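Asker: Here it is, the structure, as structure tokens.
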Amino acid sequence: MTDNFIRLSQAQLNLLETCPPQFQRLYLEQLGSPLSPQQQEKQTWGSQFHLLMQQKELGLPIESLVAQDEQLQHSITALMNAAPEIWQSESGSWREAEHCRTLSFQGYLLTVVYDLLISDRAKAKIVDWKTYLFPENRAKLAKNWQTRLYLYVLAETTDYLPEQISMTYWFVKLPTQPQSLTFVYNSVQHEKNRQDLTRLLTQLDRWLDNYSNTGTSFPHLSNCQESCPYYQSLLESGAFLDSDRFAIEKDWIALIDEIEEISID
């Protein structure tokens, strides 16, 4: 292990748990693929939406900006109509857009950025804007490290009990109306997240040591043929040859579309 803290986001944890060799290429070797025009367009639109939500939270005018994009204007107006309570500040509450928190954990620095954090003495609520369609599988989103890490870090860095914390996703992609999913945290989930983080980062320690000391590549998972979204494309490319070092890469943002707002730090 290096003496310096390695920053890990939810996107990195998701990839590490899905495909360790992809984690190696993207984060250790910096071998990411360029985005396709379609992916770039989606990312740009999502970034604009998040920026406008931040500006609105700061009390800055956004009317002239949304007037230039009919889709943005429709999505923001629909969201405001669907969730008016989000924009109403209650007495004694505190709120901040793009709120960043970090947690030192097992030699790593876990980093989260909340699109909107609203809190008072009794509760704290994380709000996250999603610019893709409402997911069909709630359980899959519950297991995603964005949900798990965002809730875990807030519980660990505040005086709130897990039961006082919730996280709500708002899905705003056209042509559907905005829809939301809320996850209420609890102590059982908190302990499970702690155990899984400990397991995953202990594995990462070992893989990093092997990679640094002997040049050994991060291993494939035992069930990668059944569960890894990259398996078939890598098999067809012949990338499993050459000591498990990938020869080509299918962009993982495209392959895991439900994890849409991923930052590659």
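Asker: Let me know the shape class of the stretch 29-160, please: from the alpha-carbon gyration tensor, a ≥ b ≥ c as square roots of the eigenvalues, rounded when a/c is under 1.5, otherwise prolate if a/b is greater than b/c, or oblate.
Answerer: oblate
Asker: Now, a different point. How much length is gained if the chain between residue 123 and residue 77 is pulled fully straight, taking 0.36 nm per residue apart and subtracting their Cα-Cα distance, in nm to one decimal?
Answerer: 13.8 nm
Asker: Enter the Cα centre distance for the pair the stretch 162-228 and the stretch 48-122, rounded to the nearest angstrom.
Answerer: After rounding, the separation between the Cα centres reads 23 Å.
Asker: Under a 1.4 Å probe, what is the accessible area of the stretch 42-128 per residue, stated in Å²?
Answerer: I get 54 Å² per residue for the stretch 42-128.
Asker: Once phi is turned into θ = phi - 60°, what whole-Hz ³J(HN,Hα) does the Karplus curve with 6.51, -1.76 and 1.60 give for every residue of the stretch 129-134, x standing for Gly and Pro?
Answerer: So the Karplus estimates, Gly and Pro as x, are 8, 10, 9, 10, 5, 4 Hz.
Asker: Under 17 Å Cα-Cα from residue 140, which lysines qualify once same-chain neighbours fewer than 8 residues away are excluded?
Answerer: 130, 192
Asker: Which far-off residues, 5 or more places away or on another chain, put their amide H under 5 Å from the one on residue 130, with H placed in the peptide plane?
Answerer: 170, 171, 172
Asker: Here is a follow-up. By average Cβ neighbour count within 10 Å, what is the ranking of 123-133, 153-163, 191-201 from highest down?
Answerer: Highest-to-lowest ranking by the protection proxy: 123-133, 153-163, 191-201.
Asker: Taking all protein chains as present, what is the carbon and sulfur share of the accessible area of the stretch 132-214, in % to the nearest whole number, probe 1.4 Å?
Answerer: Whole-percent figure for carbon plus sulfur exposure: 51.
The values are calculated or read from the model by the stated rules, or taken from the named source; none is laboratory data. Predicted, not measured: the structure shown is a model, and the values here were computed from it. Reconstructed Cβ throughout: ideal geometry from the backbone, glycine too, with neighbour counts over all protein chains shown. For accessibility, only protein heavy atoms count, side chains too; no ligands or nucleic acids. Shrake-Rupley method; radii C 1.70, N 1.55, O 1.52, S 1.80 Å.
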